[in-house]
Amino acid sequence: MWFRGYHSLWGDSMEDSSFRQMTVLARRYFDVMMGDTVNTSLLLMQAPILAMLTGLAFGDIGRGLFDAGMPGMPGPQDHIRFALALAAIWCGTTNAAREICKERAIYLRERMVNLRIESYVLSKIAILSMLSLIQITVLLGLTNFLLEVEGDLVIMFFVLMLISLSGTTLGLLISSAVDNPDRAITLVPVVLMPQILFSGVLIPIADMQSWSNFIANFMVVRWSVTLLEKIAERELDSSFYNQLIILVVFVLVFCVLSVFILNFKEVSLKRAAVPRKVPKQEAMICSVCSRKIMTGMSECPQCGTRFHIKCMANFCPVCGAPTGEKPTFKRVRSEAMCALDGTPIKGMGMMCPYCESVFHEEDVQGLDKCPICGN
């Protein structure tokens, strides 16, 4: 079904351009999303639900506690901007977190026929960006309708789109690192929780310790909230554009890491599939203990049967030919009863490697055959 109508991607020519592969893969991915109406509808419903929850949470306090004036406390608009940034990265991450690992088998099969990794990843980003476009439009429009968001909505829309794109590439990074959708969904809150803790909203950046401050620099939401704050205050200076570039760098880094991880996992998979050279001795089984002979092999000169040296006795257990390489008995620690006199053996005893009878050392001293089995 997935290949119907798209066989030309890997037709007679094996030198298809990356752009051509990306467009064909994007068209196929779009058709797949449109075919899965339930999942696509659930993804689209995220935005209005998050917008209504934001309106419900901050609508009642918009002219209450925070407007009364509390020094050092953020106002309701700060919290609204934080909620918008968090919702944007949340939507982007959850949209993409399953999209690579759920197609793992198909991806590996198509890689064998000249599929380019960068084309595959970019096709995902292209279609998921269209999904994010709808989500951010509904999220910002409905939130502004309920709460009257401060700032230039057009600029804020493009910034939220960039935040959502950062979340999309972060989700693809998660999806490329795991092997099934369940693990990807499990990792999403683990990855997004630090975005909340180190955003600078719960704990101001200035009050963070050195390590916390350092970690906060790698959080998308930390820079997103600052950008939205500058939009609200109409401070579109050089620092605004510098922070905008930082978000672009996040997108590029997540995208490159996704490609790198997919390539690395493929190389590791190929190495694991290469047959391992097994030493001759490793493939041998001892005829006495039935375990692999890794080291210390002995061979019967008559029939060629192989044994561990420690399991070899005076006679071959297969053909009965004399070997004369090892004494019949081997020293073992045991608390069993002596097979001759029935008294308990405390400490070291002598055991026949064939019948596994155990004797006192003094009872078999000088014997070259087991008194029980005769070997």
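The values are calculated or read from the model by the stated rules, or taken from the named source; none is laboratory data. As the structure is a computational prediction, the values presented were derived from the model and not from experiment. Reconstructed Cβ throughout: ideal geometry from the backbone, glycine too, with neighbour counts over all protein chains shown.
Filtering the stretch 240-293 to residues that are polar (S, T, N, Q), in contact with a Phe, Trp or Tyr (Cβ under 7 Å, 6 or more places away or on another chain) and at pLDDT below 80 leaves only Ser287. On the given criteria, is Ser224 closer than 17 Å to Arg81 by Cα, part of a loop (DSSP other than H, G, I, E, B) and assigned by TED's automatic domain parsing to the domain that holds Leu50? Criteria not met by Ser224.
Is it the case that Asp237 is free of Cβ contacts under 8 Å to residues at least 24 places away in the same chain, assigned by TED's automatic domain parsing to the domain that holds Ile80, touching a helix residue (DSSP H, G or I) at 6+ places or on another chain (Cβ under 9 Å) and surrounded by fewer than 15 Cβ atoms within 10 Å (Cβ to Cβ)? In short, yes. Whether any residue in the stretch 210-219 is exposed (fewer than 11 other Cβ atoms within 10 Å of the Cβ) and over 18 Å from Ile89 (Cα atoms) is what I want to check. Yes. Pairs, please: C-beta under 7 Å, at least 6 apart or cross-chain, first residue touching a residue at least 60 places away in the same chain (Cβ under 8 Å) and in the stretch 191-220, second aromatic (Phe, Trp, Tyr) and not in a loop (DSSP other than H, G, I, E, B)? Going by the 7 Å Cβ cut-off, the qualifying pairs are Leu192/Trp90; Ser199/Phe82; Val201/Phe82; Val220/Phe250. The sole residue among Leu50, Leu25, Leu44 that is buried (at least 17 other Cβ atoms within 10 Å of the Cβ), under 22 Å from Met156 (Cα atoms), assigned by TED's automatic domain parsing to the domain that holds Ile203 and at pLDDT 90 or above is Leu50. For Gly35, the criteria (1) modelled with pLDDT of 90 or more; (2) surrounded by 14 or more Cβ atoms within 10 Å (Cβ to Cβ) hold in every case but one, which is (2). Condition first: part of a loop (DSSP other than H, G, I, E, B) and exposed (fewer than 15 other Cβ atoms within 10 Å of the Cβ). Now tell me which residues in the stretch 161-202 satisfy that. Those that are part of a loop (DSSP other than H, G, I, E, B) and exposed (fewer than 15 other Cβ atoms within 10 Å of the Cβ): Asp179, Asn180, Leu202. Of the listed requirements (1) crowded, with 20+ Cβ neighbours inside 10 Å; (2) at pLDDT 65 or above; (3) within 55 Å of the chain's Cα centre (by Cα), Glu335 misses just one: (1).
Candidates in the stretch 95-112 are the residues that are out of contact with any Gly (no Cβ under 7 Å at 6 or more places or on another chain) and under 30 Å from Pro48 (Cα atoms); of these, the one that is surrounded by the fewest Cβ atoms within 10 Å (Cβ to Cβ) is Lys102.
Taking the stated definitions as given, is Pro71 surrounded by fewer than 17 Cβ atoms within 10 Å (Cβ to Cβ) and at pLDDT 90 or above?
no
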